[in-house]
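Following: one structure in C-alpha cells, then a few remarks.
The values are calculated or read from the model by the stated rules, or taken from the named source; none is laboratory data. Model, not experiment: these values are computed from the prediction. Glycine also receives a Cβ, built like all others from the backbone with ideal geometry; neighbour counts cover every protein chain displayed.
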Amino acid sequence: MPTTRPLPKSLKWLLGAVVVIGITWLLIRPRKSPDLVDSPRDIPVRGERVSRNSSGLGWEGLVAMIDQGASPEEIRQRLADTKTKWCEEDPRVVAERIAILLRSAEDRETGLPFETGHGGGLRSWPSLRVFLLDVLMSTDPDVAVEVAREVLAGTDSAEEYAVAMRALVMEQPWRAGDDELHAHLANLLAKNDWQEERSEGFAEAMDLVREIGTAQAFQSLAEWVDGSPPFKEVGAMSLHEFAAEYPDKMSARIEADPSLLASDPGLRAGLMARIDPVDSKQLGVLESYLSRGQVSLAEKRDFLRLFPLRSATTGFRLYAGTPAPYDLDQVKASDLAAASAVEAWLARADLHPLNPELLALQKRLDRWRKQAEAADKP
Amino acid sequence: MPVDPADLTTDPYVHNGLVLTDAGRGSGFVAEDQHLFFSAAHVVYDETTGWGAPPVFIQGNHGDVPDEKAAIQSRGYFRLNSYARLAEDFGMEWKATYSKDVLMGFAFEAFYSATPPKINMRGYADLRRDNLTFITGYPAEINYTGESGGNFLHTTAPEFIRFDGGFGNYVTTTHLSTGPGNSGGPVWRQDRRGNWEAVGVLVSGLTAETGVYGFTRDARQFLNAVKPLLRVPMWRMRPARGTSFSNGFYSMPRPRRIPDGRPSWTRIPLRVAYFPNDGEVSKVVLNLKVDTDDRSDLVVRLIAPGGTYVELFSLEDPGQSDLVFTNKDLSSEFAGLTPNGNWQLYIQDRIKGDRATVSQFELEISVDANNTTTPEEP
C-alpha cells in the first residue's frame with residue numbers, strides 16, 4: 001500500500017500563494033486582442049483579407065446603414081457620433097484599424113457634402129473613406145502620416161487627397177518638407193478633371209498655399225490663375241488669403257515677375273493693396289508698381305480704391321486655421337505709413353492722373369487715423 | 001412702412017443704419033459689439049470685380065442726401081465663406097451666392113453708445129419655425145407699391161412667418177415685401193426674455209418673395225477673425241444683457257508620469273458633464289504644467305469631445321525645462337462645440353533621456369446657456 005507523506009505546512013502555504021497570484025494575474029493582466037498589431041509596418045497591405053467583424057469599430061454597422069438607404073442627415077449624425085466614440089478609444093488601436101479599413105478599399109458614398117469644421121476636422125463627409133481619413137487625423141500621427149502617403153499616391157478622389165494632406169502639414173516631427181508639399185500642390189493644380197467637376201475637395205485643398213506659406217507656392221498658384229482655369233475663383237480666394245498673411249512674399253514675387261497675374265489686373269491690384277507700407281521693402285515694391293508703365297491706369301485706380309486693404313474672408317479651413325490676418329496695432333501703423341506714402345505720391349507729377357483717387361484715399365486714411373487716436377484715449 | 005421717428009432711438013430700431021459704398025447703398029445693423037455691424041455681402045462685395053472699399057455706416061433718418069457728419073467710416077469688413085461653397089455656385093443660379101451673402105464690418109470708433117443686440121447663432125433654425133419676426137432697413141423703393149423709400153428707416157409688419165429652406169443658409173418666404181436698398185437689413189425676433197436678437201439678414205427680394213441669410217454657429221468665425229482687431233476676448237464679446245453662462249472647472253486628480261522615449265499617446269481625460277445637452281462652448285481656458293528637464297521631447301494635444309483638437313506643443317525649445325500654460329485662452333478653437341464628454345490631453349515624450357510628469361491639467365469651460373433651441377444646420 002503506497003504511503004503518502006503529507007506536504008510540509010510551509011510548502012502548502014507557498015503553493016497556495018502561487019495559485020492565488022496566478023489567478024490574480026490572469027484576471028488583471030493587460031489584454032491585447034488577437035487582431036491588434038504593434039507597429040504600422042505590421043499592418044496588412046491593400047488586398048489582404050480584412051475581417052470586417054473583427055474591426056471592432058462598428059464599421060459593418062455603418063456600411064449596413066448606408067446600404068439600407070438611411071438619409072444623409074441620419075448618416076451625418078451617425079458618423080459624428082462614431083467619430084466621438086472612436087476618439088475616446090486608444091488612438092493607436094483606432095488608427096491601425098482605420099488603416100486596415102482604408103487598405104481594404106471598401107467604401108460607400110454618403111450623399112453628404114464635403115464640409116470643413118473646427119480645427120480643420122470635417123463635419124460632413126461625402127464618403128466613408130473620407131470619414132476614415134478625417135478620424136485618422138485625430139488618432140495616432142505616425143500611423144496617419146504613413147497611411148496618408150499611401151492614399152495620396154493612389155487615390156483618384158479629390159476629397160480623399162484633400163483630407164490626406166492634413167497629415168503632411170501637421171506640426172513637426174510629422175510635417176512634410178516644402179519640396180514634398182510643393183509637389184503635391186503642383187499635382188493638385190494639374191488635375192483638370194477635379195477642376196472641371198468643381199470638386200469640393202479640390203476647392204478646400206486650395207488652403208494648402210497659405211499653409212505652405214512660401215513664395216514658390218504663391219507663384220505656382222498665380223501662374224495657374226493666369227491660365228484662366230475653369231475653377232479660377234478658388235485660386236483668387238486662396239491668393240488673397242495668402243497675401244493677407246504674407247504680403248512680403250506676395251509682393252516680392254510680383255516685383256520679380258511683373259507679368260504675373262497680368263491676365264487679371266483687378267485681382268493683382270487687390271493683392272498689391274494688401275502690402276504693408278511699414279516695411280520699406282514692400283513700400284519699395286509699391287513705388288515701382290505705381291511707376292510701371294505696363295500697369296494700366298485702371299489697375300492703379302483699383303489699387304488706390306482699396307489700399308491698404310484690410311478686409312478679408314474668414315471661415316473654417318482645412319489646414320491653416322480660420323483666417324484672422326490683421327491686428328489692431330499693425331493696421332494702425334500701416335495706415336499711418338500709408339498716409340505718408342500718399343502724401344509723397346500726391347507730389348509726383350507722373351501720378352497726377354491719379355489725384356482724385358489719391359485725395360479720396362488721403363481723406364479715408366485721415367478719418368481712420370482720427371478714429372484710432374480717439375480709441376486710444378482712456 | 002416707415003418707422004415713427006420717435007422710435008428711432010428705441011430697441012431694436014436704434015441698431016439700424018444705412019450702409020453706403022462708392023457704388024451704392026444698402027442696410028445694416030450693429031450687433032455683438034459697438035464696433036461691429038452686419039449686412040449683406042453683395043452691398044459691398046461684387047462677385048465679379050471682388051473687394052470694395054470699406055463702407056460708411058449712418059444711423060437715423062435722412063432726407064434726400066444722408067448726413068455725412070453722422071457717418072462713421074468702417075475700417076474694413078469680413079466675408080464668411082468657404083472654398084467648398086465656391087464649388088456650389090455652378091448651376092445654382094443666385095442661390096449659392098445668397099447662401100453666403102453676409103458680411104461683418106468693423107471700425108475703431110464705436111458706431112453708437114447703445115447696448116448692441118446679439119446674433120442668434122441658431123437663427124437659421126428659428127427662421128424655419130413659426131416666429132413673430134419683422135425686417136427693418138432702408139429701402140430706396142418699396143417693391144409692393146413702387147414708392148420711394150428715401151433714406152428713412154422702414155419696417156415690415158410683425159408677422160408669424162415660417163421661412164422655407166432654399167439652399168445652404170438661404171431661406172425664403174412669400175409673405176413679405178421689402179425693396180432695393182433694404183439688403184443687409186436684420187430680421188428681428190424676441191428671445192424668451194424679451195430681448196431683440198437678429199436671426200438673419202435680408203439678402204434678396206422680389207415683389208412677393210423675400211430671401212434671408214439665416215445665422216448659424218458659423219457666425220462665430222466672424223468674431224474669431226475680428227478679435228485681434230478689437231482686442232476683446234471672444235467670450236466677452238457676447239453681450240451681457242440677457243445672456244447667462246454656466247461655468248465649470250475640471251482638473252486631473254493626481255500627477256501622471258509619461259513613458260519616456262515612447263512615440264505613442266498617453267491620454268489624460270477630463271470628464272465634462274452636466275451642461276445642457278444643447279449648450280455650446282463659449283470659453284475654454286487651459287492650465288497645464290508638465291515637469292521635465294527638456295520640454296523639446298514633448299508633443300501635446302487637447303482633444304474635445306467629437307475629435308476637434310488643437311496642437312498645443314510640438315518638440316520646441318530644446319534645452320528648456322518645464323512646459324507651462326497659464327490661463328491659455330482656447331475659446332477661438334473650441335467655441336460652438338458640444339461641451340459634454342471627455343476632453344482629453346494627449347501627450348507623448350518621443351525622445352529618451354528626460355522623464356516628464358503632468359503635474360497640472362485643468363480646464364475652465366463656459367457654456368452659453370441661452371441657446372436652448374434644437375440645433376439645426378442647413
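Quick notes on this one:
Residues checked against (1) surrounded by fewer than 24 Cβ atoms within 10 Å (Cβ to Cβ); (2) at negative phi; (3) within 18 Å of the chain's Cα centre (by Cα):
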site	(1), (2), (3)
A:E74	yes, yes, no
A:K85	yes, yes, no
A:I98	no, yes, no
A:G121	yes, yes, yes
A:T139	no, yes, yes
A:A144	no, yes, yes
A:S157	yes, yes, yes
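- Any hit, the range A:151-161, residues being within 24 Å of B:V300 (Cα to Cα), touching a residue at least 24 places away in the same chain (Cβ under 8 Å) and not in a loop (DSSP other than H, G, I, E, B): no
- Matching residues in the range B:308-352 - criterion: being surrounded by fewer than 21 Cβ atoms within 10 Å (Cβ to Cβ), more than 18 Å from B:L270 (Cβ to Cβ) and hydroxyl-bearing (S, T, Y): B:S314, B:S321
- Residues in the range A:320-349 that are closer than 30 Å to B:L312 by Cβ, within 11 Å of chain B (Cβ to nearest Cβ) and either in contact with a helix residue (DSSP H, G or I) (Cβ under 6 Å, 6 or more places away or on another chain) or in contact (Cβ under 8 Å) with a residue 12 or more places away in the chain (or both): A:G321, A:T322, A:P323, A:A324, A:P325, A:Y326, A:D327, A:L328, A:Q330, A:V331.
- Those residues of the range B:88-110 which are surrounded by 23 or more Cβ atoms within 10 Å (Cβ to Cβ), within 11 Å of chain A (Cβ to nearest Cβ) and modelled with pLDDT under 95, in sequence order: B:K100, B:F108
- Here B:F29 meets the list (1) within 14 Å of chain A (Cβ to nearest Cβ); (2) more than 26 Å from A:L304 (Cβ to Cβ) almost entirely, failing just condition (1).
- Once the range B:135-189 is narrowed to residues that are among the hydroxyl-bearing types (S, T, Y), farther than 30 Å from B:D64 by Cα and touching a Phe, Trp or Tyr at 6+ places or on another chain (Cβ under 9 Å), the residue that is surrounded by the most Cβ atoms within 10 Å (Cβ to Cβ) is B:Y170.
- The residue pairs whose first member lies in the range A:231-242 and is within 9 Å of chain B (Cβ to nearest Cβ), whose second member is among the aromatic types (F, W, Y) and part of a helix (DSSP H, G or I), and whose beta carbons are closer than 9 Å, counting only pairs six or more residues apart or on different chains, are A:F231/A:W194; A:F231/A:F202; A:V234/A:F202; A:V234/B:Y83; A:M237/B:Y83; A:S238/B:Y83.
- Residue ranges of strands (runs of 3 or more DSSP E) in the range B:84-196 with at least 3 members without any contact (Cβ under 8 Å) to a residue 60 or more places away in the chain: B:159-161, B:170-173
- Note on the range B:251-363: enclosed strands (runs of 3 or more DSSP E) holding 3 or more residues that are β-branched (V, I, T) are B:266-272, B:280-291, B:298-303.
- Selection from the range B:32-59 of residues that are of a type outside the set (F, W, Y), within 14 Å of chain A (Cβ to nearest Cβ) and in a strand (DSSP E or B): B:L36, B:S39, B:D46, B:G50, B:V56, B:I58
- Selection status of B:A304, among the aliphatic types (A, V, I, L, M), under 28 Å from the mean Cα position of the chain (by Cα) and either surrounded by fewer than 17 Cβ atoms within 10 Å (Cβ to Cβ) or at pLDDT 95 or above (or both): yes
- Some residue of the range A:215-226 being β-branched (V, I, T), closer than 30 Å to A:F316 by Cβ, within 12 Å of chain B (Cβ to nearest Cβ) and surrounded by 16 or more Cβ atoms within 10 Å (Cβ to Cβ): no
- Condition met for B:I72 (free of Cβ contacts under 8 Å to residues at least 40 places away in the same chain and either in a loop (DSSP other than H, G, I, E, B) or in contact with a strand residue (DSSP E or B) (Cβ under 8 Å, 6 or more places away or on another chain) (or both)): yes
- Tallying residues that are farther than 24 Å from B:A219 by Cα and of a type in the set (G, A, S) within the range B:123-165 yields 6.
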